[in-house]
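Colleague: Have a look at this one before I ask anything.
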Amino acid sequence: DVAVTGLLAGLIYAAAAFAQVGVGRMIDSRPIKPILVTIAACQPPIILLMSFQQDWPLFLAAFAAMAVVFGQIPITDAVLSRYVPDKWRAKVLSVKFMLNLCLGAAVLPFASYVLKAGGGFETILTILAAAALLIVSAALILPFQAAGEQNRAPAAQPAE
């Protein structure tokens with residue numbers, strides 16, 4: 001039933017969105033890179049696991065997948081605020097927003113193409129899991145920066 005599917009999807013999104021709160025608290029007190037690498041590394045296997053599930057196991061796998069996807073949102077914004085200079089931040093955030101919109105809009109035609117070519121739900125999720133590996137790769141090349149070092153002004157030197 002479409003209504004039940006919509007209700008279950010809404011429940012998954014609503015509950016998984018709270019992962020942002022926990023991750024936000026973690027990145028306030030710890031270095032970002034290990035948290036990002038961990039969350040990004042969880043995405044491919046969980047998304048791939050979804051492709052083999054049905055019914056309630058799919059519901060639970062989808063919840064786990066959305067929790068790690070939503071958990072990555074505050075990390076992305078924190079990375080931009082910590083690593084992008086102030087004068088470029090608005091431009092970089094604008095590009096990020098535009099990429100999110102464009103890539104998000106491209107998913108439906110892409111999924112339609114895969115389905116018309118004979119692929120199924122499993123194929124789409126397998127492709128998405130492979131794409132999530134790109135996020136892991138990007139997280140691994142991110143420079144390491146200890147918590148509290150972001151945007152810190154250099155220490156004042158005493159006058160002589």
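Colleague: Conditions: (1) over 21 Å from the mean Cα position of the chain (by Cα); (2) polar (S, T, N, Q); (3) modelled with pLDDT of 90 or more. Asn151 meets all but one. Number of the miss?
Modeller: Tallying (1) over 21 Å from the mean Cα position of the chain (by Cα); (2) polar (S, T, N, Q); (3) modelled with pLDDT of 90 or more, Asn151 fails exactly one: (3).
Colleague: Taking region 93-118, which residues are over 18 Å from Pro74 (Cα atoms) and of a type in the set (Ser, Thr, Tyr)?
Modeller: Within region 93-118, Ser112, Tyr113 meet the criteria.
Colleague: Scan Leu140, Leu101 and give me the residue that is modelled with pLDDT of 90 or more and open to solvent by 70 Å² or more (accessible area, probe 1.4 Å). Full working, then the answer.
Modeller: On the way: Leu140 fails: modelled with pLDDT of 90 or more.
Among Leu140, Leu101, only Leu101 is modelled with pLDDT of 90 or more and open to solvent by 70 Å² or more (accessible area, probe 1.4 Å).
Colleague: Now for a separate question. Quick test for you: out of Ser94, Ser81, pick the one residue that is modelled with pLDDT under 90, hydroxyl-bearing (Ser, Thr, Tyr), in a helix (DSSP H, G or I) and more than 15 Å from the chain's Cα centre (by Cα).
Modeller: Only one candidate passes the filter, namely Ser81.
Colleague: Do we have Ala111 as at pLDDT 90 or above and either surrounded by 10 or more Cβ atoms within 10 Å (Cβ to Cβ) or within 16 Å of the chain's Cα centre (by Cα) (or both) here? Lay out the reasoning, then the answer.
Modeller: Working: at pLDDT 90 or above: yes; either surrounded by 10 or more Cβ atoms within 10 Å (Cβ to Cβ) or within 16 Å of the chain's Cα centre (by Cα) (or both): yes.
So Ala111 passes the test.
So that you can scan it fast, the table gives a plain yes or no per residue for (1) at pLDDT 90 or above; (2) under 17 Å from the mean Cα position of the chain (by Cα); (3) open to solvent by 40 Å² or more (accessible area, probe 1.4 Å); (4) not aliphatic (A, V, I, L, M):
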position	(1), (2), (3), (4)
Val23	yes, yes, no, no
Asp28	no, no, yes, yes
Ile35	yes, yes, no, no
Ala40	yes, yes, no, no
Pro57	yes, no, yes, yes
Leu60	yes, no, yes, no
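Colleague: Follow-up. Does Leu128 satisfy the criteria of being part of a helix (DSSP H, G or I), within 21 Å of Thr38 (Cβ to Cβ) and open to solvent by 70 Å² or more (accessible area, probe 1.4 Å)?
Modeller: yes
Colleague: A further question follows. Between a first residue in region 47-63 that is in contact (Cβ under 8 Å) with a residue 12 or more places away in the chain and a second residue that is aromatic (Phe, Trp, Tyr) and open to solvent by 20 Å² or more (accessible area, probe 1.4 Å), which pairs have beta carbons less than 9 Å apart while being 6 or more apart in sequence or on different chains?
Modeller: Partner pairs satisfying both residue conditions: Met50/Phe121; Ser51/Phe121; Ala61/Phe52.
Colleague: If I go through region 43-55 residue by residue, how many of them are open to solvent by 20 Å² or more (accessible area, probe 1.4 Å), farther than 12 Å from Ala130 by Cα and within 19 Å of the chain's Cα centre (by Cα)?
Modeller: Residues flagged as open to solvent by 20 Å² or more (accessible area, probe 1.4 Å), farther than 12 Å from Ala130 by Cα and within 19 Å of the chain's Cα centre (by Cα) within region 43-55 amount to 2.
Colleague: Filter region 3-20 for residues that are open to solvent by less than 40 Å² (accessible area, probe 1.4 Å) and touching a helix residue (DSSP H, G or I) at 6+ places or on another chain (Cβ under 7 Å) and give the result.
Modeller: Taking region 3-20 as the starting set, the residues that turn out to be open to solvent by less than 40 Å² (accessible area, probe 1.4 Å) are 9-10, 12, 16-17, 19.
Residues satisfying the conditions are Ile12, Ala16, Ala17, Ala19.
The values are calculated or read from the model by the stated rules, or taken from the named source; none is laboratory data. Quick caveat: nothing in here was measured; it's all calculated off a predicted structure. Please note: Cβ atoms are built from the backbone with ideal geometry, for glycine as well, and neighbour counts cover all protein chains shown. Heavy atoms of the whole protein, side chains included, go into the accessibility calculation; ligands, DNA and RNA do not. Shrake-Rupley method; radii C 1.70, N 1.55, O 1.52, S 1.80 Å.
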